[in-house]
1. DSSP loop GluC sites (Glu not before Pro) in the range 494-557 with at most 14 other Cβ atoms within 10 Å of their Cβ, which ones?
2. Where only protein heavy atoms count, and the probe is 1.4 Å, what is the accessible area per residue for the chain in Å²?
3. Cβ under 13 Å from Asp13's Cβ, Asp13 left aside: what net charge do those residues give with Lys, Arg +1 and Asp, Glu -1?
4. What length, rounded to one decimal in nm, is gained on full extension from Gln502 through to Thr58, with 0.36 nm per residue of separation minus their alpha-carbon distance?
5. Quick one: compute the contact order of the chain, relative version, from alpha carbon pairs under 8 angstrom and 6+ residues apart, as a percent.
6. Counting Lys and Arg as +1 and Asp and Glu as -1, what is the net charge of the other residues whose Cβ lies under 9 Å from the Cβ of Asp533?
7. Might you work out the accessible area of Phe337 for me, using a 1.4 Å probe with all protein chains in place, and round it to the nearest 10 Å²?
8. Where the accessible area of the chain is counted over protein heavy atoms with a 1.4 Å probe, how much of it, in %, is carbon and sulfur?
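The values are calculated or read from the model by the stated rules, or taken from the named source; none is laboratory data. Treat the numbers as computed from the prediction; the structure is a model and nothing was measured. Note: ideal-geometry Cβ built from the backbone for every residue, glycine included; neighbour counts use all protein chains shown. What goes into the accessible areas is simple: the full protein's heavy atoms, side chains included, and nothing from ligands, DNA or RNA. Shrake-Rupley method; radii C 1.70, N 1.55, O 1.52, S 1.80 Å.
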Amino acid sequence: MQTSENWVFCGGDLAGMANTTVESVNDGKTAAWFMHKYMQSLHKAAVPDTPKLPMFFTPIDLVDTSVEICGLKFPNPWGLASATPTTSAPMIRRAFKEGWGFVVTKTFALDKDIVTNVSPRIVRGTTSGHTYGPGQGAFLNIELISEKTCAYWCQSVKELKADFPDFIVISSIMCGYSKDDWMVLAKRAEESGADALELNLSCPHGMGERGMGLACGQNPELVLNICRWVRAAIKIPFFAKLTPNVTDIVDIARAAHQGGADGVTATNTVSGLMGLKGKGNAWPAIGKEKRTTYGGVSGNAIRPIALKAVSAIARALPGYPILAAGGIDSAEVGLQFLHAGACALQVCSAVQNQDFTLVEDYNIGLKALLYLDSLDVTADWDGQSPPTLRHQKGKPVPKVADIVGKSLPSFGPYLEKRIKLNAENKKQSDLLAESEMPEKQRPVPAPKKAAPSVKEMVGRALKSIGAYGDLDNTQQVVALIDEEMCINCGKCYMTCNDSGYQAIEFDPETHLPRITKDCTGCTLCVSVCPIIDCITMVKRETPYNPNRGVPLAVAVS
């Protein structure tokens, strides 16, 4: 916001208008825009009427994220799943304008199978506690397929393809176990101009009671036959959308493959009951009777299930196209699914948490990750995260152990002594010495090879995923605690004592934990430690001999 002085700008509390964090952030963006506009005017440079801060160009922008699947060229691997974000054609139009590479329409059926939804029907998950926004762990929904007709969707797809010829439109369709119905609906969808079809064989609520959705998708024989019927009816590619609510999703994927499906989507939502209120009522609750039913859980809570499904199918059917869905909410997570064997990525819950603009972050983030893969200096990075420097509560660790030859805890009189020792050390040190200087950041590291394509990322992790019997129990690790980083909270001691192997001793005076010879490398302590990299797992230098409780009656090699 510009003040009475042309070169002074302010927002938030200074402007006296903002009452919430959201308003303050908006004030900051507005002030930034007017600063930009003012500086441009000093040089008589044109500024568009619509406020939009300029982007800056880096080599990351040159990275190509397009991908070809079943002969179709996807501008990028980011797409909207057949769900709430694709409820109508106008919504899909806005999604394409924001940059989504493909969309899967809301599932539609023949007129005889038209549905009417109940309300309320989409509720916030409770798996992450009282957390809202991007950190929200899940949603549960009991929404059915589209309430719009087949005619509406066929006309909409035709118009969308006319206006957005370079983007991919996949029509999602559903029928009961009827050869005529599947062939008729598939032909109509193909004739509308859809690039591909997705067969919804997996809706976990409502539709199954009608003999549709997962009522078909849980039976390999039914999936096989449905895919054969559709394959006989159309020439464009189609994907079978699989349900995770089965014993072995690979059996269903094999059936789809044998039936002629060009690929699969893994997975739909997981059937569940999100929670119960204090009086025993569930949510969502319908009508004055407050009745409910099992719904579909989506979002981060089901990501491990979806990752397993994608990787298991990719291992069983090498090269078979997989569209991934289930808890994808960032470029980093998208790359995980590509590494697990997916070719493209479908998003729903993350959009429900925010809006269509997410795709810009996702695609730029993926470009950055691919670019980092071309740099030698990032070989030990985890995605876009460099190795963690020694720290405590996010701050650099003082070199107390180097000064006095032992570690001191970080509370009470010990903390006071740490601070005093560190201050005295700084007085005696030459803070301008070369050894005190931060690492040089220039020149910027240059790529040693071309940034890999999305296709090169597909299945990268599969070689390291396998059966339990493939794991080597002779290569053991143990925990190692960095006492300088430790905040003396006792979490490692508590979990090891009551959930592990009683392998951590906790000094009653200094509260410094110590790993004993009883450590089995279970890694529980690492999992609960609040300080990143304070506890690391290192190679066990002695043979691991499990405590059997009672000696074995026979020798084991």
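1. Working: sites: Glu505, Glu509, Glu541; in loops: Glu509, Glu541.
Hits after loop and neighbour filter: Glu509, Glu541.
2. Numbers: 30620 Å² over 557 residues.
It amounts to 55 Å² per residue over the chain.
3. On the way: positive: none; negative: Glu23, Asp27.
My count for the surroundings of Asp13 gives -2.
4. Values: separation 444, 0.36 × 444 = 159.84 nm, distance 5.18 nm.
Here the answer is 154.7 nm.
5. Working: 996 pairs, mean separation 60.6, N = 557.
Value for the chain: 11 percent.
6. Details: positive: Arg390; negative: Asp482.
Local charge sum for Asp533: 0.
7. Ignoring ligands and nucleic acids, Phe337 comes out at about 0 Å².
8. Of all accessible area on the chain, carbon and sulfur atoms account for 54 percent.
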